[in-house]
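Quick notes on the structure that follows.
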Amino acid sequence: MTSKIGWTGRVFEDFEAGDTYEHPLGRSVTDADNVWFTLLTQNTNPIHFDSVYAAGTPFGRRLVDSAFTLALVTGQSVADVSQNALANLGWDEVRLSNPVFEGDTIYSRSQVLEARESRSRPNVGIVTVKTTGYNQDGKTVIEFKRTMMIYKRGHVPVTPRPVA
């Protein structure tokens, strides 16, 4: 039997402005996700964890913490855009166009806006993408630009694996 290496992510040379990656995994948000994330990050706004309070708001129910939405959609994009990142350089122009509620399923896609050589590190390039998260109804819930340092081919650190 032959052992085959699984997907290891894109390197800098694989990115081309205009390319769009439909990220393969959706994620249904649970009430536990929302309450735990909110409390772990010390967000004290009760709209995220107090159902009685949230019922009195225009939304009528608890909202998912927007920082969770940012983290989830960023995470969904990793396999396609930053599996081989040396570092995130920033998130810009974060826009939350529709609310996320417990029970929603979130999907995402990223479009490459720019890929350029690093001016200071010859082993990486700089890639900027626009990522869009949307719910099960196709409504956009978040959009942002993210810029990362991505290793070039032949420079990704190797993870030693034991031989079986």
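Among Asn123, Asn135, Asn84, the largest mean-square fluctuation in a Gaussian network model of the chain (Cα springs under 10 Å) belongs to Asn123. Is the shape of the stretch 24-65 rounded, prolate or oblate, going by the alpha carbon gyration tensor and its root eigenvalues a ≥ b ≥ c, with a/c under 1.5 for rounded and a/b larger than b/c for prolate? Oblate is the answer for the stretch 24-65, as a/c is 1.5 or above yet b/c matches or exceeds a/b. Annotated for the chain: lysine pairs at least 8 residues apart or interchain, Cα distance under 25 Å, count 4. A protection proxy built from the mean count of other Cβ atoms within 10 Å ranks the segments 18-29, 57-68, most packed first, as 57-68, 18-29. Would you please state which residues of the stretch 132-160 a label at Ser118 would reach in this model, taking the label point 7 Å out along Cα→Cβ and a backbone N cut-off of under 19 Å? Counting backbone N atoms under 19 Å from the label point, the list is 146-159. Take every pair of alpha-carbon atoms less than 8 Å apart whose residues are at least six positions apart; their mean separation over the length of the chain yields a relative contact order of 28 percent.
Legend: ranking of residues His48, His155 from fewest to most surrounding C-beta atoms inside 10 Å; resulting order His155, His48.
Here the Karplus relation 6.51 cos²θ - 1.76 cosθ + 1.60, evaluated at θ = phi - 60°, turns the backbone of the stretch 141-152 into coupling constants of 10, 7, 9, 7, 9, 9, 10, 9, 8, 10, 4, 7 Hz, with x for every Gly and Pro. Between the amide H of His23 and those of Ser108, Arg109, Ser110, distances stay under 5 Å, these residues lying 5 or more places away or on another chain, with hydrogens modeled in the peptide plane. Compute the long axis of helix 66-77 from its Cα atoms, compare it with the longest principal axis of the Cα atoms of the chain, and write down the angle in degrees, 0 to 90, nearest 10. With rounding to tens, the tilt is 30 degrees. Could you work out how far helix 31-40 tilts from the main Cα principal axis of the chain, as a 0 to 90 degree angle to the nearest 10? Long axis of 31-40 versus the principal axis of the chain: about 80 degrees. Couplings for the stretch 124-138, taken from phi via the Karplus curve 6.51 cos²θ - 1.76 cosθ + 1.60 with θ = phi - 60°, read 9, x, 10, 10, 10, 10, 10, 10, 10, x, 9, 8, 4, 9, x Hz in order; Gly and Pro are left as x. If I compute volume of the Cα convex hull per residue in Å³ from the structure I just sent, which labelled value in (1) 164; (2) 201; (3) 305 lines up? Given (1) 164; (2) 201; (3) 305, the structure-derived one carries the label (1).
Laboratory data are not the source of any read-out in this text; all were calculated from the coordinates shown. In this text the structure is predicted, and so the values were computed from the model without any measurement. Using ideal geometry, Cβ is built from the backbone for each residue, glycine included, and neighbour counts are taken over all protein chains shown.
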